[in-house]
1. What number goes with the only condition from (1) in contact with a Ser or Thr (Cβ under 9 Å, 6 or more places away or on another chain); (2) surrounded by fewer than 19 Cβ atoms within 10 Å (Cβ to Cβ) that Leu320 does not pass?
2. So if I check each of Gly310, Gly334, Gly305, which one is surrounded by fewer than 17 Cβ atoms within 10 Å (Cβ to Cβ), small (Gly, Ala, Ser) and not assigned by the TED database to the domain that holds Lys524?
3. Which residues, counting only those in segment 339-396, are aliphatic (A, V, I, L, M) and closer than 30 Å to Trp271 by Cα?
4. Taking segment 189-211 on its own, how many of its residues are within 27 Å of Leu157 (Cα to Cα) and either aromatic (Phe, Trp, Tyr) or modelled with pLDDT under 95 (or both)?
5. Could you say whether any residue in segment 493-512 is under 24 Å from Leu56 (Cα atoms), at pLDDT below 85 and either hydroxyl-bearing (Ser, Thr, Tyr) or out of contact with any strand residue (DSSP E or B) (no Cβ under 9 Å at 6 or more places or on another chain) (or both)?
6. For segment 459-481, name all the residues that are surrounded by 11 or more Cβ atoms within 10 Å (Cβ to Cβ) and either touching a Pro at 6+ places or on another chain (Cβ under 6 Å) or hydrophobic (A, V, I, L, M, F, W, C) (or both).
7. For residues in segment 166-209 being hydrophobic (A, V, I, L, M, F, W, C) and more than 19 Å from Asn242 (Cα to Cα), which is surrounded by the fewest Cβ atoms within 10 Å (Cβ to Cβ)?
Amino acid sequence: MISKFRFLIPVLISGILAVTMQSCFDSDDYDMDKLSDKVDWTPNMIVPVSYGTYSLWYLLNEHETDPADQTIFLENGFLHIKYREDNIFTYDAGSVLTFPNQLTESYSMPLPPVGFAGPIPIPPQSDVYGVQTGQAGITLSQLEIDGNLQLTFSNPLNADISLDVTIPGGTIGGALATDNFTIPANNPNHVENFDLTDLNLTFNTPYTTANEITIEFSGTILDNGGTISGVGSLGIQYQVQNINFDMAYGDFGKQMIDIGTGNIDMDVDFWDDIEGEYEFADPRIYLYMRNSVGVPFEINANMTGYSTDGNSASLNPDPLQPNYPRNLSEVTNGISETVVYDRNNSQITQVMALPPSDRLDYSGQVDLNPNTVDINSQPNILSSSSRIDVDLEIDVPLDFSATNLMLRDTIDDMDIDDAEKIMNAAIVITAENGYPLDVQIDRIYMTDELYNVVDSIVDSEVIDAAGVYPAGHASEGEVDPSTIVEVTHEIKLTQTQIEHLNETENLIINASVKTSGTGTEAVKLKGDYELKFAIAVQAQIDLNN
């Protein structure tokens with residue numbers, strides 16, 4: 001509608017100027033006395049100055065020369081305000097599960113009695129090792145990892161020891177995870193490495209946040225060709241190093257991931273020119289998720305809109321728990337999920353009614369595992385490549401009700417001369433309004449170059465809205481073509497207003513708009529709704545001056 005006013009008013013003024021015939025006739029160039037001292041030439045003239053048909057789609061988009069700047073879109077013929085921002089929020093596996101440098105454990109393995117020739121068997125013994133995670137409260141049930149188990153041995157005997165190191169809960173390539181090492185005699189610091197590449201590791205039950213696994217040691221004191229001697233135990237220091245997980249299962253705890261803060265400028269130009277009371281029927285915010293994190297979560301986010309006049313309103317949405325990957329296949333391939341904030345689970349209608357012409361600020365958090373996790377039946381599942389990427393789309397269908405809606409616009413740099421030649425003037429508008437909007441130009445302010453008001457034109461006539469189909473109709477809220485009628489309206493200028501045209505450099509237009517009925521009836525704006533109009537200027541010109 002703003003674009004319509006930008007077009008009409010310059011046309012009206014140019015029509016008045018056309019009537020004065022300044023572009024093709026100047027009475028000062030002719031000697032009227034040669035015709036007659038008694039002839040008064042003050043003709044009445046009606047000049048058609050413009051006509052046109054304007055669709056809503058054209059009026060709302062004509063100022064956007066770059067398609068990338070477009071904020072008004074057509075969907076199935078209906079008009080929508082739309083804004084989209086990709087990757088507004090993301091988190092990956094590293095935000096959920098990490099493995100820091102692990103602790104070094106010490107184990108003193110008792111040796112059997114010696115004092116005779118070998119070989120001498122060493123009975124199986126075991127130790128429990130806790131795997132450390134970078135986040136508190138995590139309970140692991142299974143891991144698929146690459147890593148290394150480094151062992152440092154201290155052998156007090158005068159004979160070599162052959163030692164088997166086994167992880168009973170682990171397999172590599174489908175076989176039990178075990179390795180054999182020979183520890184030289186009388187060596188206080190012998191280092192070996194157990195390659196854990198492709199280790200599938202099951203943790204000890206009951207599963208706890210200690211994340212314990214068992215490591216078993218067994219072997220033989222080898223024959224040294226004589227009597228075996230020495231005092232003490234076999235000293236073992238060991239540490240799991242360089243853990244890189246491929247897949248993890250368990251309960252990853254009640255973690256909180258910060259969404260962060262940011263702001264959005266929807267860049268809807270005409271919002272800056274509108275004030276009043278209106279309500280969109282079905283505005284929505286969509287969060288489009290691509291998710292391969294097999295952990296249930298709850299979104300606790302908020303958004304606050306600010307208008308350019310300083311008012312604000314908050315979205316205050318309900319916490320939502322979207323669908324998430326629940327098995328290995330879904331974690332591996334990822335799933336798509338959409339979260340919708342609408343009038344049923346948030347205060348989006350209040351936010352969009354501001355309107356948020358300045359900005360939208362957002363913040364919030366994602367809470368992992370809002371409910372109890374059953375590790376045995378439905379564990380959390382995470383791969384090293386798991387991530388969530390979230391795109392945001394704001395969709396405001398132009399389906400709304402409005403009353404006391406004020407539109408303001410300014411036309412700058414007017415240049416009107418020789419207004420004294422106009423004795424009287426009127427603007428005649430013939431219109432056929434196919435919009436479901438009552439339009440009234442309440443006042444047109446005539447200002448000087450400093451925007452000081454020198455005069456104003458008041459008009460109380462309303463260009464009536466087209467009627468819409470009632471509730472229950474298949475096309476409820478859409479324009480009923482049978483209600484569109486042609487109307488003619490005349491705006492007369494006073495002599496003072498005509499005189500002030502010489503001082504006028506700018507026009508400030510105040511118009512009021514309301515939807516059909518009492519302004520509480522919701523209407524749906526379609527791109528093909530049309531306003532047809534014809535404009536003529538009726539004037540009496542004094543060509544004797």
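1. So Leu320 meets the others, but not (1).
2. Selected residue: Gly310, the only one of Gly310, Gly334, Gly305 that is surrounded by fewer than 17 Cβ atoms within 10 Å (Cβ to Cβ), small (Gly, Ala, Ser) and not assigned by the TED database to the domain that holds Lys524.
3. Val339, Val340, Ile348, Val351, Met352, Ala353, Leu354, Leu360, Val390, Leu392, Ile394, Val396
4. 1
5. Among the residues of segment 493-512, at least one is under 24 Å from Leu56 (Cα atoms), at pLDDT below 85 and either hydroxyl-bearing (Ser, Thr, Tyr) or out of contact with any strand residue (DSSP E or B) (no Cβ under 9 Å at 6 or more places or on another chain) (or both), which makes the answer yes.
6. Matches in segment 459-481: Val462, Ile463, Ala465, Ala466, Val468, Val479.
7. Only one residue tops the list, namely Ala175.
Yes or no, residue by residue, for (1) aliphatic (A, V, I, L, M); (2) under 19 Å from Thr90 (Cα atoms):
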residue: Val340; (1), (2): yes, yes
residue: Met352; (1), (2): yes, no
residue: Gly364; (1), (2): no, yes
residue: Asn369; (1), (2): no, yes
residue: Pro379; (1), (2): no, no
residue: Ser383; (1), (2): no, yes
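The values are calculated or read from the model by the stated rules, or taken from the named source; none is laboratory data. All figures in this text were calculated on a predicted structure; none of them were measured in a lab. Heads up, the Cβs are rebuilt from the backbone with ideal geometry, glycines too, and the neighbour counts pull from every protein chain shown.
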